[in-house]
Amino acid sequence: MGKRTPSGIKNKVLDSWLFGIPINMIATCNGIDYGSVFRIIESFKSKIPDIDVLRAVDVMIKQEGLSLNDVASGIRVKNFLEQMGSSEIEMERLLTDIDIHSFKTNKTFSDFVKKVHEIHRFASGLGISIHQVYDYVEQKKKELRTLQIELDKMKSLILKKKIEYHGLQYRIKTNSFGNSSDRMYPS
């Protein structure tokens, strides 16, 4: 029967293996043989059923140049999307649409987000939902058209009254009212 491997070495073996280091390198670095490393890993596999998946994820994370904080951030975003009743696929579609829009308008993603916040503040200031902004703007356009028609009518009336006024002034100056007594007492 072989010697018992200290738990410190077992943990180093597990950490190294999860980090993606090959078994022969783990053996060399820890001063133990290949078979011992293999048995340590197998004992952890019996306790942690998805350990191979964890290793694959860890290797992939490191290959992508990510950290556990990046992964944690991704998990937080995923949970947030689920709480909102959305999905990663919907979010990817939205982000793709925003990226295309930003490219076409020669704006940055940050510009787009700032504009969304600006519209949200505008809606909040009016006491309406951001979803109601379009209807609100359309209603105000309709009101503006109505007011413009009324203004045009008023301008027309003002112009008509100015013409009447200038006509009266001209008649007063030229004394072209005729004889007022002729009008009062017809023959």
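The values are calculated or read from the model by the stated rules, or taken from the named source; none is laboratory data. Not measured: the values here are computed from a predicted model. Ideal geometry is used to build each Cβ from the backbone, glycine not excepted, and the neighbour counts take in all protein chains shown. Quick note on the areas: whole protein, heavy atoms, side chains included, nothing else; ligands and nucleic acids left out. Shrake-Rupley method; radii C 1.70, N 1.55, O 1.52, S 1.80 Å.
For the stretch 69-92, indicate whether the set of residues that are of a type outside the set (Phe, Trp, Tyr) and touching a residue at least 40 places away in the same chain (Cβ under 8 Å) is non-empty.
First, pick out the residues of the stretch 69-92 that are of a type outside the set (Phe, Trp, Tyr): 69-79, 81-92.
So of that shortlist, the ones also touching a residue at least 40 places away in the same chain (Cβ under 8 Å) come out as none.
No - not one qualifying residue is present in the stretch 69-92.
Return the residues of the stretch 136-164 that are open to solvent by less than 100 Å² (accessible area, probe 1.4 Å) and either in contact (Cβ under 8 Å) with a residue 12 or more places away in the chain or closer than 26 Å to Glu118 by Cβ (or both); say none if nothing qualifies.
Tyr136, Val137, Glu138, Gln139, Lys140, Lys141, Glu143
Residue check, Ile23 against (1) more than 20 Å from Lys62 (Cα to Cα); (2) modelled with pLDDT of 90 or more; (3) open to solvent by less than 50 Å² (accessible area, probe 1.4 Å), all met but one. Which one?
Unmet condition: (1).
I'm trying to understand the selection: among the residues of the stretch 46-56, which are at pLDDT 85 or above, in a helix (DSSP H, G or I) and surrounded by 11 or more Cβ atoms within 10 Å (Cβ to Cβ)? Quick ask: steps written out before the conclusion?
Looking only at the stretch 46-56, we keep the residues that are at pLDDT 85 or above, and these are 46-48, 50-53, 55-56.
So of that shortlist, the ones also in a helix (DSSP H, G or I) come out as 46-47, 51-53, 55-56.
Once the filter is applied, which keeps residues that are at pLDDT 85 or above, in a helix (DSSP H, G or I) and surrounded by 11 or more Cβ atoms within 10 Å (Cβ to Cβ), the stretch 46-56 yields Ile51, Asp52, Arg55, Ala56.
Please verify whether the stretch 45-52 includes one or more residues that are under 30 Å from Ser73 (Cβ atoms) and of a type in the set (Ser, Thr, Tyr).
Here is the first cut: in the stretch 45-52, the ones under 30 Å from Ser73 (Cβ atoms) are 45, 47-52.
If we keep only those that are of a type in the set (Ser, Thr, Tyr) as well, we get none.
Within the stretch 45-52 (the criterion being under 30 Å from Ser73 (Cβ atoms) and of a type in the set (Ser, Thr, Tyr)), the answer is no, since none of the residues qualifies.
Give the residues of the stretch 1-29 that are part of a loop (DSSP other than H, G, I, E, B) and either more than 49 Å from the chain's Cα centre (by Cα) or of a type in the set (Phe, Trp, Tyr) (or both), sorted by residue number. Explain how you work it out, then say what you get.
If we filter the stretch 1-29 for residues that are part of a loop (DSSP other than H, G, I, E, B), which is where we start, we get 1-6, 19-22.
Passing the criteria: Met1, Gly2, Lys3, Arg4, Thr5, Pro6, Phe19.
Just a yes or no: is a residue in the stretch 66-84 exposed (fewer than 11 other Cβ atoms within 10 Å of the Cβ), of a type in the set (D, E, K, R) and over 30 Å from the mean Cα position of the chain (by Cα)?
Scanning the stretch 66-84 turns up no residue that is exposed (fewer than 11 other Cβ atoms within 10 Å of the Cβ), of a type in the set (D, E, K, R) and over 30 Å from the mean Cα position of the chain (by Cα).
Tell me which residues, restricted to the stretch 30-42, are closer than 14 Å to Arg4 by Cα, in contact (Cβ under 8 Å) with a residue 24 or more places away in the chain and part of a helix (DSSP H, G or I).
Scanning the stretch 30-42 gives Ser36, Val37, Ile40.
Is there a residue being touching a helix residue (DSSP H, G or I) at 6+ places or on another chain (Cβ under 9 Å), open to solvent by less than 90 Å² (accessible area, probe 1.4 Å) and in a loop (DSSP other than H, G, I, E, B) anywhere in the stretch 85-98?
yes
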